[in-house]
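Presented below is the structure to which this report refers.
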Amino acid sequence: MLLSVKKLEKRFGKRTVLKGVDFSVDQGEVVVIIGPSGSGKTTLLRNLNFLENADAGTMNFKDRQIDLAHPKKDDVHFVRRHSAMVFQNYNLFKNKTAQENIAEGLIYGQGMDKRQALTIASDELKSLGLAAQANHYPSQLSGGQQQRIGIARATVLKPDVILFDEPTSALDPELVGTVLDDMRRLAQAGQTMVVVTHQMSFAKNVASRIVFFDDGQIVESGSPDQVFNHPREERTRQFLGALAENY
C-alpha cells in the first residue's frame, strides 16, 4: 500500500465536508474519483497534500504515519517531496516561461542545479511536442498547452503519486483530448495517479479502480466494469444514469 487514509474529517464552519473517509491507493494504481459537484472530491485531494488542514484523521504514506489534523513540518515536506498535484486552473507562474515553470520544482523543491533542471525541462517539452513553446509565457499558450505544462511540471519530479484535480474542466472541448492523452501515457508507464474528473470515458477506460464520492463519503468503490456496469448502490445508479450519455 502506497497511501492510506483513515477516518478523514474536514469541516468548513458548521458544514462537514468529509465525513470519516477511509481511502487507499496501491503503487501503480490509477484511482479515479467521480461524483457530483460539491461532494468533497477536491477537498479530499487538498487534504492529502496539506493544501487544506484536516480536522481529524491519519495517513500512512510510504510507511510514514502522519496525523492529518496535526502534521509536523517534516511530515508536510515529506508528502510534498514524494507527490505532485495538477490543478484545474493550471497554476503556472505567469512571469516564467514554459521551460522555467517545469524546472521550478526541480530547482526549489529538489535543490537541483538550475542548468540541469532547465535541460530536463527542455527534454520534457520535446517529448510532448512542445519544444517550440519553451520560451513562451502562460499568456502566450492555449489552455491545453498550459495544462500540459502543468502535467510536465509534476512528472519531472518523478513523484510516487500525482493528484489530478479535474485537469480538463477549464479547457475548451477540443483541447481536452491532448491532455487526456498525456494522462493515458502516464498511466501506461505505471505512474500512480489519483484523478478527480467528470470525464467518464477516461474513468471507464483508464482507471484501475473507480471511487464514487457523494456527500463527503465514499459510496462505492470497485473496478470500472463493476461500478459502471453493475453498480451495487442506488445512489451510484442514479448518478451514472444521469450521465449515461457521456460514457
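Rule-based calculations on the coordinates, nothing more; no lab input. Computed from a predicted model, the values in this text were never measured in an experiment. All Cβ positions, glycine included, derive from the backbone under ideal geometry; neighbour counts span all protein chains shown.
Going by what's in this entry, would GLY129 be described as among the small types (Gly, Ala, Ser) and closer than 23 Å to THR43 by Cα? Answer is no for this residue.
Screening ARG153, ARG184, ARG148 for residues that are surrounded by fewer than 20 Cβ atoms within 10 Å (Cβ to Cβ) and either in contact with a helix residue (DSSP H, G or I) (Cβ under 8 Å, 6 or more places away or on another chain) or not acidic (Asp, Glu) (or both) leaves exactly one candidate, ARG184.
Per the conditions (1) touching a Pro at 6+ places or on another chain (Cβ under 8 Å); (2) buried (at least 19 other Cβ atoms within 10 Å of the Cβ), the sole criterion not satisfied by GLN88 is (2).
Is there a residue in the range 92-99 that is buried (at least 20 other Cβ atoms within 10 Å of the Cβ) and in a loop (DSSP other than H, G, I, E, B)? Yes, some residue in the range 92-99 is buried (at least 20 other Cβ atoms within 10 Å of the Cβ) and in a loop (DSSP other than H, G, I, E, B).
With respect to VAL32, determine if the residue is over 30 Å from LEU171 (Cα atoms), in contact (Cβ under 8 Å) with a residue 24 or more places away in the chain and either of a type in the set (A, V, I, L, M) or not in a strand (DSSP E or B) (or both).
Spelling it out, it is not the case that VAL32 is over 30 Å from LEU171 (Cα atoms), in contact (Cβ under 8 Å) with a residue 24 or more places away in the chain and either of a type in the set (A, V, I, L, M) or not in a strand (DSSP E or B) (or both).
The combined condition, being touching a Ser or Thr at 6+ places or on another chain (Cβ under 8 Å), under 18 Å from GLN88 (Cβ atoms), β-branched (Val, Ile, Thr) and not in a helix (DSSP H, G or I), is not fulfilled by VAL5. Being under 19 Å from TYR137 (Cα atoms), in contact with a Leu (Cβ under 6 Å, 6 or more places away or on another chain) and either among the small types (Gly, Ala, Ser) or assigned to a loop (DSSP other than H, G, I, E, B) (or both) holds for only one residue in ALA103, ALA84, and it is ALA103. Those helices (runs of 4 or more DSSP H) of the range 155-237 in which at least 2 residues are more than 14 Å from the chain's Cα centre (by Cα) and either among the charged types (D, E, K, R) or at positive phi (or both), considering only elements entirely within it, cover 173-188.
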